[in-house]
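Below: one structure, written as structure tokens.
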Amino acid sequence: MQDSPAHPVHGHQPETTGEGGVLTLADTGFDAPAALLARYGLALVRVADADPIPGSYWGEREAGIIGATVYARADTPVHSLLHEAGHLIVLPPERRAAVHTDATDSVPEEDAVCVLQGLLGDALPGVGRARVWADMDAWGYTFRLGSAQAYVERDADDAWRWLRERGLVDASGALAPV
């Protein structure tokens, strides 16, 4: 039984894609993601193309987090940036300060962040949740129902509840105003 309404997929896929077929910050630019993160009290720092990304749990081109700052390069996948930012967004500001590279070992929080990153995609021009979830699949995320979209729409009741209880989404499943 679902305790939240259906969560329609919307948005469109941009024409361009980065390496591996996933959307990168080279495709979207840094301005809109920086503005989105700023709404949540976070900073986005652009890392030079060949430099290692500070605070990156997975290394290479994956986004990194230290305190209230998200680090990314032009080749960083948008879904990675949104996922790591999501970890900081769900934390109260006093807990953000202690974060360095690894945000949590909480399964409920990780599940909620997987939902949240798609919703954050809706707030970026030309991205949308459908693209974020498709890129998660392409990048290798695995879900019981076979895709990120199926997880969010049919298997993430606990994650949706977790986000609602913390005031991050409203009863309709939209991002709550900040």
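The values are calculated or read from the model by the stated rules, or taken from the named source; none is laboratory data. This is a predicted model, so every value here is computed, not measured. Heads up, the Cβs are rebuilt from the backbone with ideal geometry, glycines too, and the neighbour counts pull from every protein chain shown. Surface areas here come from the heavy atoms of the whole protein model, side chains and all, with no ligands, DNA or RNA. Shrake-Rupley method; radii C 1.70, N 1.55, O 1.52, S 1.80 Å.
A few remarks follow.
- Hits in region 127-165 (condition: more than 25 Å from R61 (Cα to Cα), crowded, with 18+ Cβ neighbours inside 10 Å and among the hydrophobic types (A, V, I, L, M, F, W, C)): V152, A156, A159, W160, W162, L163
- Within region 105-125, residues that are within 16 Å of F143 (Cβ to Cβ) and aliphatic (A, V, I, L, M) have Cβ atoms under 6 Å from residues that are open to solvent by less than 10 Å² (accessible area, probe 1.4 Å) and outside any helix (DSSP H, G or I) in these pairs: V115/A156, counting only partners at least 6 apart in sequence or on another chain.
- If you go through region 100-112 and pick out every residue that is among the aliphatic types (A, V, I, L, M) and open to solvent by 10 Å² or more (accessible area, probe 1.4 Å), you end up with 2.
- The selection criterion, being open to solvent by less than 40 Å² (accessible area, probe 1.4 Å), in a helix (DSSP H, G or I), within 22 Å of T28 (Cβ to Cβ) and without any contact (Cβ under 8 Å) to a residue 60 or more places away in the chain, holds for L82.
- Some residue of region 113-122 being touching an Asp or Glu at 6+ places or on another chain (Cβ under 8 Å) and either farther than 22 Å from V22 by Cβ or crowded, with 21+ Cβ neighbours inside 10 Å (or both): no
- Summed over region 139-163, the residues that are touching a Lys or Arg at 6+ places or on another chain (Cβ under 8 Å) and not in a helix (DSSP H, G or I) give a count of 2.
- Checking each residue in region 21-65 for being part of a helix (DSSP H, G or I), more than 15 Å from the chain's Cα centre (by Cα) and at pLDDT 95 or above picks out A26, D27, D31.
- All positions within region 85-97 that are open to solvent by 30 Å² or more (accessible area, probe 1.4 Å) and touching a residue at least 12 places away in the same chain (Cβ under 8 Å): P93, A97
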